[in-house]
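The values are calculated or read from the model by the stated rules, or taken from the named source; none is laboratory data. The structure displayed is predicted, hence computed values, not measured ones. Glycine also receives a Cβ, built like all others from the backbone with ideal geometry; neighbour counts cover every protein chain displayed. We work out accessible area using only protein heavy atoms, side chains counted, and drop any ligands, DNA or RNA first. Shrake-Rupley method; radii C 1.70, N 1.55, O 1.52, S 1.80 Å.
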Amino acid sequence: MSKTDLQNAPILLREDRPGGICVITLNRPAQRNSLSRALLQALEEMLADIAADNTCRVVVLAGAGTVFCAGHDLREITAHRADADGGRGFYADAMAACARVMQGIVALPQPVIAAVQGVATAAGCQLVATCDLAVAAEDARFCTPGVDIGLFCSTPAVALARAVPRKAAMEMLLLGEMVPADEAQRLGLVNRLAPREALMETALDLAARIAAHSAITVRMGKRGFNRQIELPLAEAYCEAASVMTENLMARDAAEGIGAFLEKRHPQWEDR
């Protein structure tokens, strides 16, 4: 599939900013940045490109227009009900593609920060929950409203249940009601709030502060965190100890510790 829609406008944008910050923008504003099958494929391919790009240190994920992401493209889903199999094959393929994108964000070596304006609903809320960090406009809202249209948000629940307390996740899933940004922050879905006009500036500032650290240290840390979080306690400590040992053997760890002891700024080599 192409990375463009029928009007040949790019549906996904990448902008490489100074300091190793990469901004990915969902660019279907007329469709509320809904995750069409083409957009999912474009996002999957771009994540693969970024994973192999050592010049990119942090990713900011944004949406064009007034909405971050409205979830799956319901018009596309409805159109495929006319398929010979009633849409089953397309739906299975689309859900698998969405799962690959979400897991790709988790597996991406670089931290990913969601910059959320407007609303993030259903799979759009899933995107936010999947990202490592999230900055939201003060008037942003979040919900998993599938229950209202007879389609429980089962796949968004996977990410949501790993980002917020269990009962809070179930309340969002069972009620389908909008959650304001300050409540989303209280639940842990969002890290920071910003005035809408300062949203991207706030997200980029956070990205720059992360990018200033050793890239190899951040990448090891993200990988180790995501591995241990799913493990029982004893196994988690074994995994974390292994990561710490690997990290201590890195040149940047020797440089960072030496710089601390010598009271100077470290000079990272990212190795």
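Restricted to the range 98-142, and to residues that are over 21 Å from Arg196 (Cα atoms) and in a loop (DSSP other than H, G, I, E, B), which residue is most open to solvent (accessible area, probe 1.4 Å)?
Ranking the qualifying residues of the range 98-142, first place goes to Pro109.
Would you mind finding the one in Ala30, Ala84, Ala97, Ala42 that is under 28 Å from Asp205 (Cβ atoms) and of a type in the set (A, V, I, L, M, F, W, C)?
Within the list Ala30, Ala84, Ala97, Ala42, the selection yields Ala42.
Which one of these is in contact with a Gly (Cβ under 6 Å, 6 or more places away or on another chain) and either more than 30 Å from Ala250 (Cα to Cα) or β-branched (Val, Ile, Thr) (or both): Thr217, Thr121?
The conditions single out Thr121.
Within the range 188-198, can one find any residue that is in a helix (DSSP H, G or I) and touching a helix residue (DSSP H, G or I) at 6+ places or on another chain (Cβ under 9 Å)? Give the steps one after another, and end with the answer.
In the first step, residues of the range 188-198 are kept if they are in a helix (DSSP H, G or I); the result is 196-198.
Now drop any that are not touching a helix residue (DSSP H, G or I) at 6+ places or on another chain (Cβ under 9 Å), which leaves none.
Among the residues of the range 188-198, not one is in a helix (DSSP H, G or I) and touching a helix residue (DSSP H, G or I) at 6+ places or on another chain (Cβ under 9 Å), which makes the answer no.
Return the residues of the range 126-145 that are more than 17 Å from Ala207 (Cα to Cα) and touching a residue at least 60 places away in the same chain (Cβ under 8 Å); say none if nothing qualifies.
Result: Leu127, Ala129, Ala140.
Assess whether Cys69 counts as being closer than 18 Å to Asn27 by Cβ and surrounded by 24 or more Cβ atoms within 10 Å (Cβ to Cβ).
Against the criterion (closer than 18 Å to Asn27 by Cβ and surrounded by 24 or more Cβ atoms within 10 Å (Cβ to Cβ)), Cys69 qualifies.
Quick check on this structure: which one of Arg100, Arg141 is more than 17 Å from Leu187 (Cα to Cα) and either of a type in the set (Lys, Arg) or in contact with a strand residue (DSSP E or B) (Cβ under 7 Å, 6 or more places away or on another chain) (or both)?
Just one listed residue meets the conditions, Arg100.
Pairs under 6 Å by beta carbon, first residue open to solvent by 20 Å² or more (accessible area, probe 1.4 Å) in the range 34-51, partner assigned to a helix (DSSP H, G or I) and not small (Gly, Ala, Ser), six or more apart or different chains?
Pairs that qualify, where the first residue is open to solvent by 20 Å² or more (accessible area, probe 1.4 Å) and the partner is assigned to a helix (DSSP H, G or I) and not small (Gly, Ala, Ser), are Glu44/Arg100; Glu44/Val101.
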